[in-house]
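Trainee: Structure in structure tokens, see below.
Rule-based calculations on the coordinates, nothing more; no lab input. The structure displayed is predicted, hence computed values, not measured ones. All Cβ positions, glycine included, derive from the backbone under ideal geometry; neighbour counts span all protein chains shown.
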Amino acid sequence: MKEAVILLSGGMDSGVLLAWASGRYDGIHGLFFDYGSKHGAREYEKARELAKRYEASLNTVALPFMNELFSSTLLSSGGDIPEGPYASENISSTVVPFRNGIMLSIAVGYAENRGISTVLIASHGGDHPVYPDCRPGFTEAMSRAAREGTFTGVTIHAPFASFDKKDIAELGRDMGFDFRMSYSCYKGGPLHCGRCATCLERMAALGHDRGLDPTEYES
């Protein structure tokens, strides 16, 4: 069997990645990381829904130390989520130090333990530069380290590395992906707030101004 491990957050990008992977791998192992984010509970609901829809297994990995040791407004231990579009001055507070590095390291260990050669992550070219662990160079470096540090030569693959958010939205539509099965809002409310940077980015990518976005927003 051709299998892959996927970092499945329940967000728009990882949801489309799961749909993409479902047609390319016989078995998919989803990992959801509970690291104490404000929107973690809502994301987990969607991750479970997505895993069921695409017949992937789903394991939850608890990382309580991140909420305890790291400072970020994205975490439940942090301050308020800033509103407005992505800009270094208002979004840098949401950075969770080395988040993807920590998660990828665990995913690589999980993959090697099960004889799986591929780990998938939904990092993409449209990720804001303030998030250094989303950049292609970082993913490539982590993949080199994974190959060097595993007997089975596990590889980390970011299929959307050259995409922006609109490209991911377009791919999702082409595959019939239901974007209502994903959650993006950093605030973690019952509905997307429509005001934080991730909501605004989602709205732009899905064509909210053209009536193409099925997401329900507070405002």
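Trainee: Name the residue that is surrounded by the fewest Cβ atoms within 10 Å (Cβ to Cβ), counting only residues in the stretch 128-166 that are out of contact with any helix residue (DSSP H, G or I) (no Cβ under 9 Å at 6 or more places or on another chain) and either of a type outside the set (Gly, Ala, Ser) or within 15 Å of Glu112 (Cβ to Cβ) (or both).
Mentor: In this case the residue turns out to be Glu148.
Trainee: Any idea which residue in the stretch 1-46 is farthest from Glu201 (Cα to Cα), counting only those that are aliphatic (A, V, I, L, M) and in a loop (DSSP other than H, G, I, E, B)?
Mentor: Taking the candidates together, the pick is Met1.
Trainee: From the set of residues in the stretch 194-219 that are among the small types (Gly, Ala, Ser), over 17 Å from Gly176 (Cα atoms) and in a helix (DSSP H, G or I), which is nearest to the chain's Cα centre (by Cα)?
Mentor: Ala197
Trainee: Looking at the structure I just gave you, is Ala197 touching a Leu at 6+ places or on another chain (Cβ under 6 Å) and either surrounded by fewer than 20 Cβ atoms within 10 Å (Cβ to Cβ) or among the aliphatic types (A, V, I, L, M) (or both)?
Mentor: no
Trainee: A follow-up question, please. Quick check: is even one residue across the stretch 167-183 in contact with a helix residue (DSSP H, G or I) (Cβ under 9 Å, 6 or more places away or on another chain), surrounded by fewer than 18 Cβ atoms within 10 Å (Cβ to Cβ), in contact (Cβ under 8 Å) with a residue 40 or more places away in the chain and not in a loop (DSSP other than H, G, I, E, B)?
Mentor: Yes, that holds for at least one residue.
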